[in-house]
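S.K.: Once you've had a glance at the structure underneath, I'll fire off some questions.
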Amino acid sequence: MDIRRYLFLYKMHASRLRNVFNIVAEISISLASLGSLFILLYQFGYSLSPQTTLRLSEYHNHLLLLFFVGISLRYIVQFDKIIRERMLFTDLTIYFLLIGSIFSKIFFTKVMADSLPYLDFFSNRWFTYGLLAVLTIIHSSRQVFTVIQHRIRPSLLFIFSFAFVILTGTGLLMLPNATIHGIHFVDALFTATTSVCVTGLTTVDVATQFTAAGHIIILLLIQVGGIGVMTFTSFFALSFMGETSINSQLILKDMLSEERLGGLFKVVINILFVTLFIEAIGAYLIFQSVSGTLPGGTSEELFYAVFHSVSGFCNAGISTLSGNLNDPLVQTNYSLRVIISGLVIFGGLGFPILFNYLKLLRHVVINSFNIVIGKQKHYIHTPHIINAHSYIVITSTIVLILVGSLSYLFFEYNNTLAGLPTEGKLATALLGGVTPRTAGFNPTNIGMLSPTTLVIMLILMFIGAGPMSTGGGIKVTAMFVALAATFNIMRNKRDVEVRGRRITTYTIRRSLAVIVVYLTWLMLATIVLSWTEKGIPLFSLVFELVSALSTVGLSINLSPLLSETGKMVVIVSMFIGRIGVLTFFTSLMKEYKEQVYAYPKEHILM
């Protein structure tokens, strides 16, 4: 009996001790992450004296030690979970780098600096900055996923994540080192929102208002906003967490529009890989296009290439030149316009479409290779890869690009295109037809375009890009389904069919709801702006609001002239447009519980 009693007491105390260690580990890591975030922001955001810099380096040592304590305790109490991490080797590598950094700073720098010169690498300040940043990102992502283990609506999580990044970006852009002469809070909020929501409308000149540090902040905000905040968070959380709850996996499944739970990590990896791969190719092509033409040399051209590749693929339309793509430095660089147009098209298709066609390409390559090596005699039939969704998006995209580009060429031939060479007319017309579908790069001075061209641009902005893409608008699928349903009603046909597939009633209802909610918010915002912005033509206000709500970024030179109230209306419109009009307002509604009964039917006259 005594042995059983002692075993029971031992297990009870061991469990309590594990809980204490776990709490201490989480508190240590949380404090270290929060402290690292504030210190790094302070260090890079302000001009510091040598004495302050030296004092901050001491704080770095304390933060590294705090990370070491928290992570070590976590390894002790959660070892069974940690060994199931997908990136265990990377996690251990970072842990050993942390140990090396601590030992080099505390024990070796004063005693053995001369005999062990290779330890200078661990003492390098940039290595310390990078290590603190990586640790903060990884463990902050883990803590976010720990929070969403509890029940939370995916739409609300989506909204909060974007709002958090926008507010963080606003604070970063207001740091002294981010701007030349400082910036007003509303302008900083506007710039952060237009970057995260990949819109492109600006109230200040990005080229002259922000420093190199400010441009890097904007670049990071565009990248995070374009791919999606939760995609980044999910990558680090799923990589460095041994297991996640079913609830958090279901939330992520809904946010990524994935059908299976088992493929979530693969989807996140694919999104990041495809994005970075296309942006890398785009950056290389842009660099080759602008090489030797920009002031500042190779480094300036390289940053220009990276910035515009990210801005193009993410459909942001923000440029580091005052005149955007109409700036005198790149005005006659027609190859640049074609490259940017290609990036915008790929970004606007949506990740599911890209994955579908990559899967088809893989199937073709494997079959062709097997035929060449004699493994098979003929091409095996193509599986059902290109589904109805892909067909609708690709077909609609091609039609809209052709209609937009040909219309631009026709109506602007003797206007803004007059005097340009043939390749200039074609490249500008291509960009003019592509960019209104949520990119926002200026092919020319928008205020000089003919009224007909502006109306066509307004329609293209309203329709937007594909679902699960970096673009906005009501989405081409919603427009396609709504038009198909309308056409069916005219023909008295019941079902909407595409490529041998019947579109569900829920999809049709959702498409119509998206259009109704979009137009409702547009009307309300127009009423407010027409009241606050006196003397501005109504068409200019509507054009600005559609550009904001569809996250496009084209403007008839109106954004800098708006009042603070007007800017806030546009900010809210950009935010709603990036979240999705229906998703945003659905999250504010109380969920309806399906009833087991049904009322009698009654027809209403139309």
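The values are calculated or read from the model by the stated rules, or taken from the named source; none is laboratory data. On a predicted model such as this, the values are computed, not experimentally measured, just so you know. Note that each Cβ is placed from the backbone with ideal geometry, even for glycine, and that neighbours are counted across all protein chains shown. Please note that ligands, DNA and RNA were not included when accessible areas were found on the heavy atoms of the full protein model with its side chains. Shrake-Rupley method; radii C 1.70, N 1.55, O 1.52, S 1.80 Å.
S.K.: Please pick out the residue among Gly577, Gly566 that is surrounded by 10 or more Cβ atoms within 10 Å (Cβ to Cβ) and touching a Cys at 6+ places or on another chain (Cβ under 8 Å).
M.R.: Gly577
S.K.: Still on this model: Can you tell me which residue is farthest from Pro467 (Cα to Cα) among those in segment 345-379 that are open to solvent by 60 Å² or more (accessible area, probe 1.4 Å) and under 22 Å from the mean Cα position of the chain (by Cα)?
M.R.: Applying the filter and picking the extreme gives Leu358.
S.K.: Name the single residue that is surrounded by the most Cβ atoms within 10 Å (Cβ to Cβ) among those in segment 500-509 being part of a helix (DSSP H, G or I) and among the polar types (S, T, N, Q).
M.R.: Thr507
S.K.: Quick one: what pairs do we get from segment 525-549, first residue surrounded by fewer than 14 Cβ atoms within 10 Å (Cβ to Cβ), second among the small types (Gly, Ala, Ser), C-beta under 8 Å, 6+ apart or different chains?
M.R.: Within 8 Å, the pairs are Leu538/Ser530.
S.K.: Search segment 376-412 for residues being among the aromatic types (Phe, Trp, Tyr) and more than 13 Å from Thr444 (Cα to Cα), and hand back the single one that is modelled with the lowest pLDDT.
M.R.: Tyr379
S.K.: Being touching a helix residue (DSSP H, G or I) at 6+ places or on another chain (Cβ under 6 Å) and either more than 26 Å from Tyr75 (Cβ to Cβ) or at pLDDT 80 or above (or both) narrows it down to one of Ile39, Ile3, Ile27, Ile23, so name that one.
M.R.: Ile39
S.K.: I've got another one for you. Which residues, taken from segment 198-210, are small (Gly, Ala, Ser) and either in a helix (DSSP H, G or I) or at pLDDT 90 or above (or both)?
M.R.: Ala207, the sole residue that qualifies.
S.K.: Within segment 133-142, is there a residue that is at pLDDT below 80, in a helix (DSSP H, G or I) and over 32 Å from the mean Cα position of the chain (by Cα)?
M.R.: No; the residues of segment 133-142 include none that is at pLDDT below 80, in a helix (DSSP H, G or I) and over 32 Å from the mean Cα position of the chain (by Cα).
S.K.: So if I check each of Leu426, Leu409, Leu430, which one is surrounded by 19 or more Cβ atoms within 10 Å (Cβ to Cβ) and more than 24 Å from the chain's Cα centre (by Cα)?
M.R.: Leu430
S.K.: In this structure, is Ile345 in contact with a strand residue (DSSP E or B) (Cβ under 9 Å, 6 or more places away or on another chain), modelled with pLDDT of 80 or more and in a helix (DSSP H, G or I)?
M.R.: no
S.K.: Right, something else. Looking at segment 154-176, can you tell me whether even one residue there is in contact with a strand residue (DSSP E or B) (Cβ under 9 Å, 6 or more places away or on another chain), at pLDDT 90 or above, surrounded by 20 or more Cβ atoms within 10 Å (Cβ to Cβ) and within 25 Å of Tyr304 (Cβ to Cβ)?
M.R.: Yes, segment 154-176 has at least one match.
S.K.: Same structure again: Residues in segment 432-443: is at least one over 20 Å from Ser309 (Cα atoms) and of a type in the set (Ser, Thr, Tyr)?
M.R.: no
S.K.: Looking at (1) out of contact with any strand residue (DSSP E or B) (no Cβ under 8 Å at 6 or more places or on another chain); (2) surrounded by fewer than 20 Cβ atoms within 10 Å (Cβ to Cβ); (3) under 30 Å from His363 (Cα atoms), find the lone condition where Leu420 falls short.
M.R.: (3)
S.K.: Hey, can you tell me all the residues within segment 464-499 that are assigned to a helix (DSSP H, G or I), touching a residue at least 60 places away in the same chain (Cβ under 8 Å) and open to solvent by 20 Å² or more (accessible area, probe 1.4 Å)?
M.R.: Thr477, Met479, Phe480
S.K.: Quick check on this structure: which one of Leu409, Leu430, Leu402 is touching a residue at least 40 places away in the same chain (Cβ under 8 Å), outside any loop (DSSP other than H, G, I, E, B) and out of contact with any Asp or Glu (no Cβ under 9 Å at 6 or more places or on another chain)?
M.R.: Just one listed residue meets the conditions, Leu430.
S.K.: When you look at Tyr334, is it in contact with a strand residue (DSSP E or B) (Cβ under 9 Å, 6 or more places away or on another chain) and open to solvent by 20 Å² or more (accessible area, probe 1.4 Å), yes or no?
M.R.: no
S.K.: Any residue at all in segment 211-220 that's in contact with a Lys or Arg (Cβ under 7 Å, 6 or more places away or on another chain), buried (at least 19 other Cβ atoms within 10 Å of the Cβ) and at pLDDT 85 or above?
M.R.: No, every residue in segment 211-220 fails to be in contact with a Lys or Arg (Cβ under 7 Å, 6 or more places away or on another chain), buried (at least 19 other Cβ atoms within 10 Å of the Cβ) and at pLDDT 85 or above.
S.K.: So, one more: Limited to segment 530-576, what total is found for residues that are farther than 26 Å from Ile159 by Cα and basic (Lys, Arg)?
M.R.: 1
S.K.: Within the set of pairs 6+ apart or on separate chains, which have a first residue in segment 275-304 that is over 15 Å from Thr320 (Cβ atoms) and surrounded by 14 or more Cβ atoms within 10 Å (Cβ to Cβ), a second that is of a type in the set (A, V, I, L, M) and at pLDDT below 90, and C-beta atoms under 6 Å apart?
M.R.: Between residues of segment 275-304 that are over 15 Å from Thr320 (Cβ atoms) and surrounded by 14 or more Cβ atoms within 10 Å (Cβ to Cβ) and residues that are of a type in the set (A, V, I, L, M) and at pLDDT below 90, the close pairs are Thr275/Ile227.
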